[in-house]
Amino acid sequence: MISSKLPKIFYGGDYNPEQWDHQTHLEDLELFQQAGIDIATLNVFSWARNQPDELTYQFEWLDEMIDSLYENGIFTCLATSTGAHPAWMATRYPDVLRTDKDGRKRKFGGRHNSCPNSPTYRKYSVEIARRLAERYREHPAVIVWHISNEYGGECYCDNCEKAFRVWLKQRYGTIEAVNQAWNTGFWGHTFYDWDEIVVPDNRSEEWGDNNSSFQGISLDYARFNSDSMLDCYRLEYDAIRSLIPDALITTNLMGFYKPLDYFKWAKYMDIVSWDNYPGLNTPISFTALAHDLMRGIKNGEPFMLMEQTPSQQNWQPYNSLKRPGVMRLWSYQAVAHGADTVMFFQLRRSVGACEKFHGAVIEHVGHGNTRVFRETSSLGHELQHLGEQLLDSRIEAKVAILFDWENWWAVEKSSGPTVALNYVEQIHKYYQAFYNRNVQVDIIGVDADLSRYELVIAPVLYMVKPGLAAKLEQFTEQGGTFVTTFFSGIVNENDLVTLGGYPGELRKLLGIWVEEIDALLPTMHNSIVMKDQLGSLQGSYSCGMLCDLLHTEGAEVLAEYGDDFYKGMPVLTRNTFGQGEAWYIASDGEASFVAGLMEHLSEQKHIQPVLDTPVGVEAGRRIKDGQAFIFLLNHNAEAATVELNSLTTVNMLDDQPVDSSIEIPGHGTVILAVK
């Protein structure tokens, strides 16, 4: 783990000295020391400098840079430079160039521009990773290996088409099995030979982002694309690992990035790292959710905050500054949710091209007399003061929300019943109900162990993979509480409907069956009418988007629809299953309904908040060797007071004992060690 590599939380970020002269680098070193920076990510986009042709490699500049940083107390997170191929490679070997969804071959330019199934790309990317590992395997400065950069995008070229057929053979074995999985009897699509299968692009099965004639084909191509890029990562990973058996290897992920199944990727990452770039109007709870997802994809292990901006971004429509204190606040929010690093893109602003207005620790003015540098320097000194106390501490959650990339793909490629259904928004809606009460949540995949949780929520569990229904039944039967919603239990892993009535394999667990699904226009609403008071829930609540018309098969009806021809039909049910309960929410209820229900279920399972805090003040807890650390994060512009009640604590940032309450400045953070 990271804690064995450095005696404190890593603090630093992406550094591109190849863009600057030697004198500037010397100035940077002095400023880095002032700011408490102890790690720099190097070589992210330096492939063209490292390798000017097929046979020549020139790493001398990198030798000098790694040595220079190390002599000044700064370690290296060494990237393999394969995030963008050199121009000579595109010119001489056009198979490295991607083909877009309209069948157009790209020219050299931009980044994320390499076909993941290009033999040329795979050959040279592995070779440069191997040479870097061979050169720096014993260098004490290199403590993390960073493969490529922000993998993403898709390719629809001939090489990908051929590789897709191979992938299908490995997955299904026979062409008959493919026809069955894809339901190719529909529209006369039966295949008799593997070479008849083409990529599902805008010239064949798809149009736009989420429209497909054959969801099974599109779903498999999404899986294939994610796997293809993972294969590229793993080839470089294996090249490094073969030479450095104890290397710490990662690549930077991007939170809720739809094209890549990060649960699968995390199995091949020694530590998860990710890039956090919320906008000024991004809900704070959504950023927290993304951190928890990155922690969750690797079973709750601490992660690296690999990138964030110290001030502003350059690629959003409106690139607002982070207000004073917010960079520090959001950095500590990452730590509160499991980060063991605080790192930036970038350490010095670029002088030209599209990222010249992306924020940096060192601004274009080139000195430390700026608001941003003063704030980053102050945070660096605080992290030095904290030392190793927080490293490798964990979050102990009793609530889990199930998230599945393949379910996400399938839900939003579904032809009906509504274009309004956004899977991630539904996940966030339920997460926010816990976040607002400071109840910590794990975001888990379908393979996770459920036994450590009291409450598991699976919003819009449209796709039920093999074994999942039995797993949920076992969890509930042994005393757990399971909650799911409308549009759940509809299809199997191939996007084929489970016949016999919705919610398919979940029908026994939930004690219901769904006859019809009504899709409401955005201007239309129904209501959830409570039959009796349930915790704070009473009276009626608005609902809409989708409304399941269901019948009970043993479940108890707790609320009914209030309008339309299905007025009086169940909308909220509870089914006793073994020692536990399974709840079904048949429509998209308003936020207050979801919050009230999640609060009731938490109280029923004796799941307590970290602390009760004023609105806008987040409380999180990490635990290490029995020692609890509480983070109080004030997302308000105004000061707020938090009551600590009987807790005996010490403020870790000034080592002073804290009384029964503490005032937190606007956009301020306090970290408490509980005695």
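None of the figures in this text is laboratory data; all of them are computed from the coordinates on show. Keep in mind that this is a model prediction, so the values were computed, not measured. Cβ placement follows ideal geometry from the backbone for every residue including glycine, while neighbour counts extend to all protein chains displayed.
When only alpha carbons are used to place a centre, the stretch 583-645 and the stretch 342-387 end up 32 Å from one another.
Debye calculation, C-alpha points only, no solvent: report log10 I(q)/I(0) for the stretch 88-148 at q = 0.17, 0.18 Å⁻¹, in the same order as the q values. Scattering profile of the stretch 88-148, log10 relative to I(0): -0.67, -0.72. Of all complete DSSP H helices in the chain, those with a Cα span along the helix axis of 27 Å or greater and a mean Kyte-Doolittle hydropathy of -0.5 or more are 215-243.
Find, among the chymotrypsin sites (Phe, Trp or Tyr not before Pro) in the stretch 90-195, those assigned to loop by DSSP (not H, G, I, E, B) with at most 13 other beta-carbon atoms within 10 angstrom. Those that pass, being in a loop and sparsely packed, are 192. Given a cut-off of 45 Å, what percent of all Cα-Cα pairs of the chain lie beyond it? For the chain, the share of Cα pairs beyond 45 Å comes to 24 percent. Between the listed residues 421, 444, 74, the Cα displaced farthest toward the positive end of the dipole of the chain, a dipole computed from Cβ unit charges relative to the Cα centre, is found at 74. Label sites at residue 33 and residue 638, each approximated as a point 7 angstrom past Cα along Cα to Cβ, lie 4.6 nm apart. Here the peptides 549-559, 572-582, 351-361, 215-225 are ranked by packing, the mean other Cβ count within 10 Å, and the order with the highest first is 215-225, 572-582, 549-559, 351-361. Loop-located trypsin sites (Lys or Arg not before Pro) across the stretch 116-151 with a Cβ neighbour count of 16 or fewer within 10 Å are 137, with loop assigned by DSSP. What the Cα atoms of the stretch 160-217 give is an Rg and a Dmax of 11.1, 31 Å.
Let me check against my output: what whole-number percent is the relative contact order of the chain, with C-alpha pairs under 8 Å and at least 6 apart? Spell out each step's value before the answer.
Values: 1394 pairs, mean separation 72.7, N = 675.
For the chain, the relative contact order is 11 percent.
Under a point-charge model restricted to the Cβ atoms of Lys and Arg (+1) and Asp and Glu (-1), what is the dipole moment magnitude of the chain relative to its Cα centre, in debye to the nearest 20? It would help to have the intermediate numbers written out before the result.
Details: 56 positive and 89 negative charges, 130 e Å.
Approximately 620 debye in magnitude.
Measuring from centroid to centroid over Cα atoms, what is the spacing of the stretch 243-262 and the stretch 439-468 in Å? Cα centroid of the stretch 243-262 versus Cα centroid of the stretch 439-468: 22 Å apart. Per the Debye formula on identical point scatterers at the alpha carbon atoms of the stretch 399-604, with no solvent, log10 I(q)/I(0) at q = 0.14, 0.17 Å⁻¹ is -0.76, -1.20. The aspartates and glutamates within cross-link reach of residue 429, meaning a Cα-to-Cα straight distance under 12 Å and a gap of 8 or more places when in the same chain, are 588, 590.
In the structure shown, the pairs 107/258; 413/605; 162/298; 413/531 are assessed against 28 Å; a Cα-Cα span above that value is assigned to 413/605; 162/298; 413/531. Going toward the positive end of the dipole of the chain, with +1 on Lys and Arg Cβ and -1 on Asp and Glu Cβ, which of 342, 278, 300 do you reach last? With unit charges placed on the Cβ atoms, the residue in question is 342. For the stretch 380-508, the normalised intensity computed at q = 0.09, 0.16, 0.18 Å⁻¹ comes to -0.32, -0.82, -0.99 (log10 of I(q)/I(0), Debye sum over alpha carbons, equal scatterers, no solvent).
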